[in-house]
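Structure first, then comments.
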Amino acid sequence: MSDEESTEYYVLLCDDPSHEVVLVDCGPREMDVILAVRKVTGQSLWHSRVLARRAPVTLLGGLSAYRAQSAVALLQSAGARAEWRQEPEPGERTAPSP
């Protein structure tokens with residue numbers, strides 16, 4: 001390569017990593033949270049109740065950051081403790097919960 005030639009480097013931005021929505025705690029307003037879980041997941045009322053009572057539980061996965069944040073905001077407005085997390089890459093190890 002001569003001095004007149006230059007090398008250009010480009011950074012390629014891939015898709016936004018997947019995120020998951022975790023219901024940490026149902027809180028005191030259980031029925032409101034069940035209805036919010038139903039709205040977020042599209043599950044039946046019975047399945048939503050089962051999910052809400054199993055907290056902590058992962059409700060959704062494979063979401064964009066925006067959709068995960070929106071789902072968490074809806075759950076929190078119903079009185080639940082919820083959070084969104086980046087899903088681990090395939091083969092990536094996660095520490096076990098205490």
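FYI, it's all coordinate maths here, none of it is from the lab. Fair warning: this is a prediction, and the values are worked out from it, not measured in the lab. Cβ sites come from the backbone with ideal geometry, for glycine too, and all protein chains shown count toward neighbours.
This model, with +1 at the C-beta of Lys and Arg and -1 at the C-beta of Asp and Glu, gives the range 29-88 a dipole about its Cα centre of some 120 debye. The distance between label points at Glu30 and Arg54 comes to 1.7 nm (points 7 Å beyond Cα on the Cα→Cβ vector).
Taking Lys and Arg as +1 and Asp and Glu as -1, the other residues whose beta-carbon sits under 13 Å from that of Val22 total -1. Between Gln43 and Ser6, the contour length at 0.36 nm per residue exceeds the alpha carbon distance by 7.7 nm.
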